[in-house]
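The structure under discussion appears below in the form of structure tokens.
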Amino acid sequence: MIQKKLELCDRSDIKYYSYFDKEFPNSLKKIKPEIKIVFIKGELKPEDEKAVAIIGTRDPTEYGKEMAYLIAKRFTELGFTIISGLAKGIDTIALKSAIDNGGRAIGVIASGILNVYPKENTSLAKRIAKSGTIISERFPNDNVNKTALQIRNRITSGFGLGNIVVEGKKFSGTRWQLKFGKNQNKPAIGVEPLDDDSEQAFVPNLIIREEGGARISNIEDVDYIAEMLLSEANARKAKEKSKQKVVKQINLFKYK
């Protein structure tokens, strides 16, 4: 059964890597829960390490739509890859903006790559695969389910240097990504709401006002946020290298 599914991948030009394959993306190796296999349509490139996740509600306001598009556009101009979940609303707008403006996009989906959810984004997924990447941890024809929608956020967050939330209600699915982001030490950035009393202002205000996270109030702020994300990413890498060096020294003394 599994062999037939993998043969379908080969016929459909879908790459698949297990955790132990050398081609398995390094950025996904430390993600919890662990990813056993990943399916990729398109191509991952080294420059995708410089990436940011832009996420939010499926029902954005006009302000939210405009900010999502312009924020993604500016990050694209700064050489960032845009990552999102291919859901309706903010996710779709951010990914389209990246492609429209000549950048790279990574769409992380909770269904199989040959069974895109939502269906209306099938053509967008094809566009992304041509110049970027579609990623899933589910077999090509698998249907979406609630659990898959929740845990795919750990991949979306894991690939990016940070999570930017444009809009989101109290029980928005974006909170799953923020939860995974905290565990991955990825900073959360909220887009300043136009109306604090709006339902869609809840998650951005949670980030900005309650958790003291960074904010984007206007498009000019994107440059500062980009610099902050790169600086924090470099600090994380330096810390990891330092830990690896200490472990090697301990092993050296242990077996001397």
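The values are calculated or read from the model by the stated rules, or taken from the named source; none is laboratory data. What you see is a predicted model, and the numbers here were worked out from it, not measured in a lab. As a convention, Cβ positions derive from the backbone with ideal geometry for all residues, glycine included, and neighbour counts pool all protein chains shown.
Close Cβ contacts (under 7 Å, 6 or more residues apart or on different chains) running from residues in segment 169-183 that are closer than 15 Å to Pro204 by Cβ to residues that are part of a loop (DSSP other than H, G, I, E, B) comprise Lys169/Thr57; Ser172/Thr57; Thr174/Gly56; Thr174/Gly168.
For segment 1-20, a residue qualifies if it is exposed (fewer than 10 other Cβ atoms within 10 Å of the Cβ), modelled with pLDDT under 95 and either polar (S, T, N, Q) or in a helix (DSSP H, G or I) (or both), and the qualifying residues are Ile2, Gln3, Lys4.
Looking at Gly173, is it modelled with pLDDT under 95, crowded, with 17+ Cβ neighbours inside 10 Å, of a type in the set (Gly, Ala, Ser) and closer than 20 Å to Ile90 by Cα?
Numbers: modelled with pLDDT under 95: yes; crowded, with 17+ Cβ neighbours inside 10 Å: yes; of a type in the set (Gly, Ala, Ser): yes; closer than 20 Å to Ile90 by Cα: yes.
Considered against the rule, which asks whether it is modelled with pLDDT under 95, crowded, with 17+ Cβ neighbours inside 10 Å, of a type in the set (Gly, Ala, Ser) and closer than 20 Å to Ile90 by Cα, Gly173 comes out as yes.
Of note, Ile208 satisfies the criterion of being under 26 Å from Lys73 (Cα atoms) and free of Cβ contacts under 8 Å to residues at least 24 places away in the same chain. All conditions in (1) buried (at least 24 other Cβ atoms within 10 Å of the Cβ); (2) touching a Ser or Thr at 6+ places or on another chain (Cβ under 8 Å); (3) in a helix (DSSP H, G or I) hold for Phe75, with the sole exception of (2). In segment 91-134, of all residues being in contact with a Phe, Trp or Tyr (Cβ under 7 Å, 6 or more places away or on another chain) and of a type outside the set (Ser, Thr, Tyr), the one that is nearest to Pro60 (Cα to Cα) corresponds to Ile93.
I'd like the residue in segment 196-205 that is free of Cβ contacts under 8 Å to residues at least 24 places away in the same chain and part of a loop (DSSP other than H, G, I, E, B) and, out of all such residues, is surrounded by the fewest Cβ atoms within 10 Å (Cβ to Cβ).
Looking only at segment 196-205, we keep the residues that are free of Cβ contacts under 8 Å to residues at least 24 places away in the same chain, and these are 196-197, 205.
This time we only want the ones that are part of a loop (DSSP other than H, G, I, E, B), so: 196-197.
Details: Asp196: 11, Asp197: 6.
Ranking the candidates gives Asp197 first.
Residue pairs whose Cβ atoms lie under 9 Å apart, separated by 6 or more positions or on different chains, with the first residue in segment 10-34 and touching a residue at least 60 places away in the same chain (Cβ under 8 Å) and the second basic (Lys, Arg) and in a strand (DSSP E or B), are Ser12/Lys41; Ile14/Lys41. When Ile219 is tested against (1) part of a helix (DSSP H, G or I); (2) at pLDDT 95 or above; (3) among the hydrophobic types (A, V, I, L, M, F, W, C), exactly one condition is not met: (1).
Pairs meeting the criteria (first residue in segment 46-67 and small (Gly, Ala, Ser), second residue surrounded by fewer than 18 Cβ atoms within 10 Å (Cβ to Cβ) and outside any helix (DSSP H, G or I), beta carbons under 9 Å, at least 6 apart or on different chains) are Gly64/Leu194. Only a single item in (1) assigned to a loop (DSSP other than H, G, I, E, B); (2) in contact with a helix residue (DSSP H, G or I) (Cβ under 8 Å, 6 or more places away or on another chain) is not met by Leu44, and it is number (2). Restricting the search to helices (runs of 4 or more DSSP H) fully inside segment 79-191 and requiring at least 3 residues that are closer than 22 Å to Lys36 by Cβ and not basic (Lys, Arg) gives 146-159, 174-183. In segment 152-167, the count of residues that are at pLDDT 95 or above, touching a helix residue (DSSP H, G or I) at 6+ places or on another chain (Cβ under 6 Å), acidic (Asp, Glu) and closer than 18 Å to Leu70 by Cα is one or more.
On the basis of being more than 22 Å from Ser231 (Cβ to Cβ) and not aromatic (Phe, Trp, Tyr), does Pro46 make the cut? Judged against the criteria, Pro46 is not a match.
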